[in-house]
1. Could you tell me which numbered condition Asp85 fails, if it satisfies all but one of (1) surrounded by 15 or more Cβ atoms within 10 Å (Cβ to Cβ); (2) outside the structural domain of Ser116 (by TED's automatic domain parsing); (3) charged (D, E, K, R)?
2. Select from the stretch 80-127 the residues that are of a type in the set (Ser, Thr, Tyr) and either over 15 Å from the mean Cα position of the chain (by Cα) or part of a helix (DSSP H, G or I) (or both) and write down the one among them that is nearest to Ile23 (Cα to Cα).
3. Among the residues of the stretch 89-106, write down those that are surrounded by 15 or more Cβ atoms within 10 Å (Cβ to Cβ), under 30 Å from Ser35 (Cα atoms) and either in the same structural domain as Ser21 (by TED's automatic domain parsing) or of a type outside the set (Lys, Arg) (or both).
4. Conditions first: (1) within 17 Å of the chain's Cα centre (by Cα); (2) surrounded by fewer than 17 Cβ atoms within 10 Å (Cβ to Cβ); (3) not β-branched (Val, Ile, Thr). Glu77 passes all but one, so which condition is the exception?
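The values are calculated or read from the model by the stated rules, or taken from the named source; none is laboratory data. Since the model is a prediction, treat every value here as computed from it, not as a measurement. Backbone-built Cβ (ideal geometry, glycine too); neighbour counts: all protein chains shown.
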Amino acid sequence: MEKKAKASRAISDATLDRYLSAILMLRQRIPIVRSVDVANHLGNSKACVSMALKQMIVQQLVQVGPHGALLLTDSGERRATGHRDSCDYFKRLLLLSGVGEQVALAEAAAITRAISRPSFEALQEYLTRMGVMAEQRSWVQE
């Protein structure tokens, strides 16, 4: 019987952004963030986090430090911060529109996953010009 080679699956950018944001958030709560902390926080298996971590290391978004600590690189930090800030922006916009807190939180995350950086910046600029929302730079230029 032949063994089938495991196909390596690329993790989507949206999923990587969730993991990076989770590391950023957890880092504010606990001194050392490990992959198991990310798995518990997001409700994912350790195997899923491990696969994503491999990809984040290859893309130089994360480094693994002493004791398994997950360390965001400068690039990873910018990307995580941008993701978090855009989620916050859309949450504020939805709350301003009268959407409830829990729905706004969930849907802001979905919008952030669905929209590109240029589209977000265009929408943000437009809403600022229209006086709907004060400008908040969410995406750091690379």
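1. Here Asp85 meets the rest and fails (2).
2. Step one: list which residues in the stretch 80-127 are of a type in the set (Ser, Thr, Tyr), which gives 81, 86, 89, 97, 112, 116, 119, 126.
So of that shortlist, the ones also either over 15 Å from the mean Cα position of the chain (by Cα) or part of a helix (DSSP H, G or I) (or both) come out as 81, 86, 89, 97, 112, 119, 126.
Working: Thr81: 11, Ser86: 16, Tyr89: 20, Ser97: 30, Thr112: 17, Ser119: 25, Tyr126: 31 Å.
Filtering first and then ranking leaves Thr81.
3. Hits for the stretch 89-106 are Tyr89, Phe90, Ala104, Leu105.
4. Tallying (1) within 17 Å of the chain's Cα centre (by Cα); (2) surrounded by fewer than 17 Cβ atoms within 10 Å (Cβ to Cβ); (3) not β-branched (Val, Ile, Thr), Glu77 fails exactly one: (2).
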